[in-house]
Every structure is written in structure tokens, then in C-alpha cells.
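The values are calculated or read from the model by the stated rules, or taken from the named source; none is laboratory data. This structure is a prediction, so every number in the text was calculated from the model and none was measured. Cβ coordinates were reconstructed from backbone atoms using ideal geometry, including for glycine residues, and neighbour counts include every protein chain displayed. Note: areas computed on protein heavy atoms with side chains; ligands, DNA, RNA excluded. Shrake-Rupley method; radii C 1.70, N 1.55, O 1.52, S 1.80 Å.
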Amino acid sequence: MEHIELFFKSIFIDNMVFATFLGMCSYLAVSKKVSTAVGLGAAVIFVLAITVPLNWLLDQYILKEGALVWLDPKYGVNGSETMDLSFLSFIMFIATIATMVQLVEIVVEKFSPSLYNSLGIFLPLIAVNCAILGGSLFMQSREIASVGLAFNYGVSSGIGWFLAILAIAAIREKIRYSNVPPPLRGLGITFIITGLMAIGFMSFGGMLTGGDEEAKEEKTVSVNSSEETEKEAKDLANNNIKAVK
Amino acid sequence: MGLLSKKDSKLILDPLADNNPITIQVLGICSALAITAQLKASIVMTISVLFVMGVGNVVISLIRNVIPSKIRIIVQLTVVAALVIIVDLVLKAFAYELSKELSVFVGLIITNCIIMGRFEAFALGNGVWRSFLDGIGNALGYGIILIIVGFFRELLGSGTLLGFQVLGDPIDKTGVYAFGYENNGFMLLSPMALIVVGLIIWVQRSRNKALIEDH
Amino acid sequence: MEKRTEKNSYTVFFAIIMVIVVGALLAFTASALKERIAENKRIEKQQNILYAMGVNENEGNKANFVSKDKVGESFQKYITNQLIIQEGNESQDDNAYLIDIKKEQESAKSGNARRLPLFIGEKEGKKFYIAPIRGKGLWDAIWAYVAMDENMVVQGAYFDHKGETPGLGANIKERFFMDDFIGEHLMSNGTFKGITVSKSNGDPKNEDKTDNEVDAIAGSTITGDGVTAMIRNELKLYVPYFKNLKN
């Protein structure tokens with residue numbers, strides 16, 4: 001259930017392009033033709049699907065505060081010398097991503113030289129693509145709970161990005177024959193259309209924020225014995241943490 | 001510009017207009033959209049990018065002849081990441097309040113495609129002084145767009161500029177609000193940033209017909 | 001002959017050197033600055049706690065803390081006691097303000113009893129009870145220091161966040177939002193209700209202090225919901241203490 005919720009949430013509500021504007025540079029530059037857009041989109045899904053779970057493992061066992069507990073208990077959260085290597089997160093995440101992208105580049109060059117040529121500089125730029133790094137960083141800050149969920153998050157975020165670039169490429173192909181004012185042709189109109197699509201996608205966000213007193217149960221807690229209150233508070237806190245994710 | 005030769009001053013002036021990183025080169029879009037709801041954030045970001053690009057371009061240019069081509073991208077990324085992390089740590093130690101505002105941007109600076117884009121396109125093939133100028137020029141070009149977008153979004157969205165109410169007080173209904181004007185809260189939401197940039201492109205290309213695309 | 005920079009052995013060699021240089025540089029910077037940074041964080045906590053109880057240098061509509069050189073002295077002067085409440089037992093600890101709430105919340109998740117710090121301050125004869133709380137905003141963590149009187153009526157609050165959007169969620173740090181909490185009731189007819197950051201409040205100047213609601217910030221619904229949840233879940237844990245105070 002959690003998986004399904006995360007899957008749809010990442011594609012529609014937290015869409016990488018329309019909600020958080022990650023990966024815009026390649027999105028805008030490579031969306032002139034549907035075929036190249038599909039190629040880049042597929043590459044993004046693939047890279048995200050592998051790097052997010054990989055980085056999750058890195059974060060869990062090396063970077064997080066107290067993660068090195070398997071090396072020596074004193075490095076753990078309750079140990080005497082808690083180690084927090086999270087300041088290395090950026091560099092380590094980028095290292096995994098760059099390596100994966102290098103791999104993808106080799107594979108694409110071998111199996112589809114035409115795609116390789118049309119992607120040009122944007123294939124290596126996937127390594128810097130804020131969408132890929134953003135995927136890993138969000139995975140870290142939203143404290144995604146398991147490697148399976150991390151994989152789910154990577155794939156679904158990628159699909160969201162893929163849908164976005166596919167849509168804009170299709171629209172751009174169609175408006176080639178429309179009367180766009182010359183100064184707006186190409187990049188300008190793409191910006192405006194993307195803005196309008198983003199507004200459209202905000203409607204999905206309404207599923208999260210709509211209504212005032214929604215799913216979260218309004219429990220009026222009467223001041224009874226401290227033990228009961230403590231237990232109730234703990235339960236509510238745990239439930240809310242899950243619901244807010 | 002007395003100090004710089006004509007060729008050199010082009011390095012700074014071009015990105016401000018005809019070769020603007022955001023509107024022509026299509027780089028650095030993500031941050032231009034995400035943080036421009038406030039003019040102050042745009043300014044802080046511009047200064048940070050100025051520093052990182054200036055120093056970064058110099059470093060890459062210095063080591064350009066010893067970087068192995070296979071790990072070029074990784075080296076560039078490492079340089080940027082290390083620079084940004086050091087800046088962040090130094091700020092945390094000596095200007096703590098400022099660093100808190102900046103930490104939101106730290107991740108955005110590292111992945112800012114302008115920095116990598118200019119390393120690839122210029123610093124890797126040019127001398128140190130010229131790379132420095134190129135870095136500064138592009139950072140300024142980036143900054144101009146950010147400031148324009150931030151200016152309009154903050155003014156129309158919250159009625160403030162740099163935090164100061166400039167149109168009157170919306171709750172007490174003074175100034176412009178007395179005539180029934182309301183803040184356009186929509187401007188604070190990111191899609192409007194996209195549309196504002198689209199409009200800037202419109203204006204820019206109307207003035208310089210050479211930049212118009214075929215379709 | 002292959003250019004020097006193309007050879008595989010050179011690539012590996014360069015990579016190793018780069019990792020060593022960058023790693024050393026970062027590790028050196030981090031450890032050299034670690035103490036200063038920790039000190040800055042400590043001072044910030046003191047400033048935040050004092051701010052919540054109204055000890056600050058506010059000017060116009062900007063929030064200003066007690067300055068860094070005066071904060072140590074002010075903290076000693078205004079904070080008379082620091083408690084740690086755990087499973088109904090109170091203990092005194094002058095370093096209670098250094099407790100990391102995030103760690104406490106994680107520790108509680110694995111079944112340990114939660115430790116609740118509470119700071120007691122006094123200003124002009126009035127007593128303040130300040131609790132540190134932590135929750136989740138839209139992008140990342142949010143936290144706050146809430147000062148209350150013995151009836152759990154808010155006397156002041158300071159909010160902060162890690163990564164909310166500037167101009168939107170980040171505005172929880174602005175006075176126009178934080179000041180709204182002053183005078184708000186957390187209890188209602190003897191039961192704990194918390195304070196809801198509400199869009200349908202209908203009270204933009206926040207004149208009704210017993211409605212358990214505060215006006216939301218436009219465009220920051222999820223951050224606002226995070227504030228509501230944080231206040232409800234965390235301050236509820238302090239209710240037994242306040243009940244005991246009354247007896």
C-alpha cells in the first residue's frame with residue numbers, strides 16, 4: 001500500500017519537473033523531437049532506478065549519523081563517538097551518479113549511435129542533472145524507509161520526468177506549424193507552455209492539501225493519567241510521521 | 001573598460017545579453033525558478049554563484065592540462081562540490097546567520113548546470129585570466145535574470161521588495177491596497193517564474209532579431 | 001605515443017590523488033571549524049529560547065535576537081531552571097538545552113522512554129515554561145521553541161526550518177506569523193487541542209485567542225500543516241507536567 005501511494009505521489013503530485021523544477025536544462029533543450037525526448041527520458045528513468053537505491057545503501061550504512069555502527073558499536077547513535085559523515089553526501093552521491101552515467105554512455109554509444117549523437121552534451125550532463133541528484137537528496141531528506149521503497153521512488157520519479165518531457169516534446173512538435181510570434185518561437189513559448197502545464201499539475205497537489213480538517217484524526221485528548229497520554233501520544237506521533245511522508 | 005582589452009570585455013558583456021546563460025544557453029534554469037520568490041534570495045544566490053564560478057573556472061583552467069579525459073566530468077563535479085562545501089563550512093563558522101539562509105542553496109549551486117557548462121565550454125580550453133572573466137560574466141548574466149524575475153515575483157506576489165512593504169499595508173489597507181488592489185499570490189508559485197522568463201525571452205528576442213529560432 | 005592524460009594508469013593515479021587531496025582538504029576544514037560551528041549552534045539555541053520568552057531586541061517588524069556577546073549573560077539571568085522529564089520523573093540539568101530533539105525522537109521510536117527538556121524562565125516576576133519541539137515541513141525538518149504559562153497559554157514562539165521555500169514556508173520565521181501565537185490557548189475546556197494553522201480561520205489579525213487556530217500563510221499549506229502536527233504531537237507530551245503543576 002505504501003508502495004502504491006509513493007508510486008503515484010512521485011509521478012503526479014511530486015512530479016520532478018512540474019512540482020520541483022528539477023532537470024529543467026535538459027528538459028528544455030532536448031524536447032524538440034519526441035524521439036530524442038523518449039531516449040533521454042528512458043535514460044533518466046534507468047539512471048534514477050539504479051542510483052537512488054544505491055545511494056540509499058550508502059546513506060544507510062556509511063553517511064547517516066551513527067550509520068557506521070556495523071563497524072564498531074561506538075560509532076552508532078547511542079555510542080560514545082557517534083560518527084556523522086553526512087557532509088560527504090553530496091560528493092558520494094555525485095560519485096555514484098557519475099559512474100552510472102559513464103556506464104549508460106558506453107551502453108548507448110554501443111547500441112544506438114544515432115541516439116548518442118542526438119543527445120550530444122546532454123548525456124554527460126545527466127550526471128549533473130539536478131533531477132538525478134535531487135532524487136537522491138530527496139530520498140535522504142524524506143527519510144525513505146527501505147531499499148525497496150528507494151527503488152520505487154527512483155523509478156516513479158523517473159517516470160514523472162519522462163511523462164513531462166514526452167508531453168512537452170509532443171506539444172512542441174505540434175506547434176511547429178502554428179503561428180507563434182517570432183521572438184517567442186522555440187525556447188520562449190516552451191517556457192510559457194511548461195508554466196501552464198505546471199499550473200495544471202498543481203491540481204494533483206490538491207489531493208494532498210485540499211480541505212481543512214482532513215484525514216488526520218482530530219483526537220481530542222482529555223487529561224487523564226500520564227501513562228495513557230504518553231502511549232497515545234507515541235502512537236499518534238508514529239502514525240503522523242507515516243501519514244505526512 | 002580601460003583595464004580589459006576589447007576581447008576580454010566581451011567575455012563579461014556577452015553573457016549579459018546575447019549569450020545569456022539562462023535565456024540563450026538554456027543553463028541554470030532550476031535554481032532560477034526555485035528561489036526567485038524573494039528578491040533577497042536571488043541576490044544571495046547570485047553572489048554565491050559569482051564566487052563559485054570565479055574560483056571554479058580558475059581552478060579548472062589551472063589544472064586543465066593534467067585532467068585525464070575519461071574522468072573529466074567527475075573532476076569538475078568534485079571541484080565544484082568541494083568549493084561549495086568549504087564555503088558553507090566557513091560561513092557556518094564565521095557568519096552563522098548568513099549560512100543558514102545559504103544552506104538551502106548549497107545543493108542547488110552544485111548541480112547548477114551553468115557552472116559545469118562553462119567548465120566544459122570554456123575553462124577547459126582557455127587560460128586562467130580569461131576563464132576567470134568568463135566565469136564572472138556568466139554569473140552576472142545568470143544573476144540579472146534571477147534579479148529581474150525575483151523583483152517581479154516579490155513585488156507582485158507579496159507587495160514587498162527585500163522585505164519592505166512598498167505598496168502599502170495589505171492588512172490595514174493603506175497605499176495601493178486602499179483602491180482594492182490585492183497581492184497576486186499566484187506569482188509566488190513556481191509556474192509563474194517559468195512564464196516570467198518566457199516573457200523576458202520574448203522581450204530580448206524582439207530587440208535582437210538575430211536570436212530568433214526557426215521554429 | 002598515447003598522450004599522458006589518456007593512459008588508464010594515469011587516470012587511476014590522478015583519481016587517487018584527487019580523492020586524497022579533496023578528502024584531506026574537506027576533513028581538515030571540517031575539523032578545524034568544528035568547534036566554532038558547535039559554539040555558534042549553542043549560542044543560537046540560547047538566543048532562540050530567550051526569544052520565545054520575549055527576551056530579544058525586536059525592532060520594527062523584524063525579529064532580532066539578543067546579541068551573541070550578551071546572550072550567555074542573559075541566559076544565566078533569565079533562565080532559572082532546566083528540567084528533563086522522563087516517564088513522569090523530573091531531573092535538573094543545566095545542559096538540558098543542548099539535548100538534540102531529533103535524536104530523542106528517533107530513540108523513542110525504538111521503544112526508549114522519551115526525554116522531554118523543559119526550560120523555566122522568569123522575567124519581571126512572570127514565569128515562562130519553554131519547550132523545544134521538532135517536526136516535518138514540506139521539504140525538510142522544522143522546529144520551534146514555545147514559551148507557555150502554567151495554563152499552557154502561549155507567551156511567545158520561535159519557529160525555524162531547514163529547507164522550506166523562501167517567501168512561502170520559510171515565512172514561519174517571520175514575526176507576522178510567530179507573533180500570531182502570542183496569547184493563543186493550547187487547551188480548551190480542560191482538554192488539549194493544540195493550535196491549528198488554518199486557512200479558514202476568518203481572523204487575519206488573530207484577535208480571537210481561544211479558538212485554537214492561527215491564520216495560515218498563503219501558498220504554504222503543507223508547511224503550515226507541519227507546524228500544526230508538530231505542536232499537537234510534541235506539546236501534548238508536556239500536558240501531564242502542567243497538570244501536576246496545578247495540583
Practice prompt. Assess whether C:ASN56 counts as being within 11 Å of chain B (Cβ to nearest Cβ), free of Cβ contacts under 8 Å to residues at least 24 places away in the same chain, in a loop (DSSP other than H, G, I, E, B) and open to solvent by 30 Å² or more (accessible area, probe 1.4 Å).
Written response: no
Practice prompt. Would you check which residues across region C:2-58 are within 23 Å of C:LEU118 (Cβ to Cβ), touching a helix residue (DSSP H, G or I) at 6+ places or on another chain (Cβ under 6 Å) and not hydrophobic (A, V, I, L, M, F, W, C) and list them?
Written response: C:LYS45, C:GLN46, C:GLN47
Item to complete: Please tell me if B:LEU124 is within 21 Å of B:ASN19 (Cβ to Cβ) and at pLDDT 90 or above.
Response: no
Practice prompt. Go through region C:190-205 and give me each residue that's more than 8 Å from chain A (Cβ to nearest Cβ) and assigned to a loop (DSSP other than H, G, I, E, B).
Written response: C:GLY194, C:ILE195, C:ASN201, C:GLY202, C:ASP203, C:PRO204, C:LYS205
Fill in: Members of region B:144-161 that are under 11 Å from the mean Cα position of the chain (by Cα) and surrounded by fewer than 22 Cβ atoms within 10 Å (Cβ to Cβ)
B:ILE144, B:ILE147, B:ILE148
Worksheet item: Looking at A:SER141, is it free of Cβ contacts under 8 Å to residues at least 12 places away in the same chain and more than 14 Å from the chain's Cα centre (by Cα)?
Response: no
Worksheet, complete the sentence: If you go through C:THR228, C:THR223, C:THR210, the only one that is among the polar types (S, T, N, Q), farther than 19 Å from C:TYR129 by Cα and assigned to a loop (DSSP other than H, G, I, E, B) is C:THR210
Item to complete: Considering only residues that are aromatic (Phe, Trp, Tyr), assigned to a helix (DSSP H, G or I) and away from every other protein chain (no Cβ under 12 Å), look in region C:131-187 and name the one that is nearest to C:SER220 (Cα to Cα).
Response: C:PHE177
Practice prompt. Check every one of the helices (runs of 4 or more DSSP H) wholly within region B:1-80 and list those with 3 or more residues that are under 13 Å from the mean Cα position of the chain (by Cα) and facing another protein chain (nearest Cβ under 8 Å).
Written response: B:29-34
Discussion item. Restricting to region A:1-20, name every residue that is among the aliphatic types (A, V, I, L, M) and without any contact (Cβ under 8 Å) to a residue 40 or more places away in the chain.
Written reply: A:MET1, A:ILE4
Worksheet entry | Complete set of residues in region B:179-215 that are more than 7 Å from chain A (Cβ to nearest Cβ), small (Gly, Ala, Ser) and either within 16 Å of B:PRO21 (Cα to Cα) or in contact with a Phe, Trp or Tyr (Cβ under 9 Å, 6 or more places away or on another chain) (or both) | B:ALA193
Worksheet item: If we keep just the residues of region C:218-242 that are open to solvent by less than 20 Å² (accessible area, probe 1.4 Å) and more than 9 Å from chain A (Cβ to nearest Cβ), which is nearest to C:LEU168 (Cα to Cα)?
Response: C:SER220
Worksheet entry | Which listed residue is closer than 30 Å to B:PRO68 by Cα and of a type outside the set (D, E, K, R), from C:VAL66, C:VAL12 | C:VAL12
Discussion item. Which residue is nearest to B:SER31 (Cα to Cα), if the candidates are limited to region A:134-171 and must be of a type in the set (A, V, I, L, M), touching an Asp or Glu at 6+ places or on another chain (Cβ under 9 Å) and within 14 Å of chain C (Cβ to nearest Cβ)?
Written reply: A:MET139
Worksheet, complete the sentence: The condition from (1) acidic (Asp, Glu); (2) more than 22 Å from C:MET53 (Cα to Cα); (3) touching a Lys or Arg at 6+ places or on another chain (Cβ under 9 Å); (4) surrounded by fewer than 22 Cβ atoms within 10 Å (Cβ to Cβ) that C:ASP203 misses is numbered (3)
Worksheet item: Which one of B:LEU167, B:LEU140, B:LEU89 is crowded, with 17+ Cβ neighbours inside 10 Å and in contact with a Ser or Thr (Cβ under 7 Å, 6 or more places away or on another chain)?
Response: B:LEU89
